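Taken together, the values in this text are just the output of simple stated rules run on the coordinates, not laboratory data. Fair warning: this is a prediction, and the values are worked out from it, not measured in the lab. Cβ placement follows ideal geometry from the backbone for every residue including glycine, while neighbour counts extend to all protein chains displayed.
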Amino acid sequence: MKIDRRFTKTGESPYQTIPFSHRSSEIRNPDGSAVFHQDNILAPEHWSQLAVDILAQKYFRKAGVPQFDDQGQPLLNEKGDPFLGG
């Protein structure tokens, strides 16, 4: 089976063609109190604020799952194991 390349070029990261920007996300309770706030989330420029908030809620704010830095890379301890949220 051969799969032809269509949307990327050999030796070039597909992420190089997507402009990214640093964004902020804040998730609030119905009473207005802040549940979560994070600055400098690196997200594609064309994403809506809702998309950035969903990214933050699902991937940056969970307990018991691997933690990520501002660029979405997993945080690892000295053994190479992922840090888990608490």
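Data for the structure
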{"item": "Interchain or long-range residues, amide H under 5 Å from Phe20's placed H", "result": "Glu45"}
{"item": "Low-density loop positions, GluC sites (Glu not before Pro), the stretch 1-81 - DSSP coil, at most 14 other Cβ in 10 Å", "result": "Glu12, Glu45, Glu78"}
{"item": "Residue-by-residue Karplus 3J(HN,Hα) for the stretch 9-19, coefficients 6.51, -1.76, 1.60, Hz, glycine and proline x", "result": "10, 4, x, 10, 5, x, 6, 5, 8, 9, x"}
{"item": "Top positive-direction residue, dipole computed over the chain with Cβ charges, set Met1, Gly11, Gln73", "result": "Met1"}
{"item": "Convex hull of the chain built on C-alpha atoms - directionally averaged projected area, nm²", "result": "9.0"}
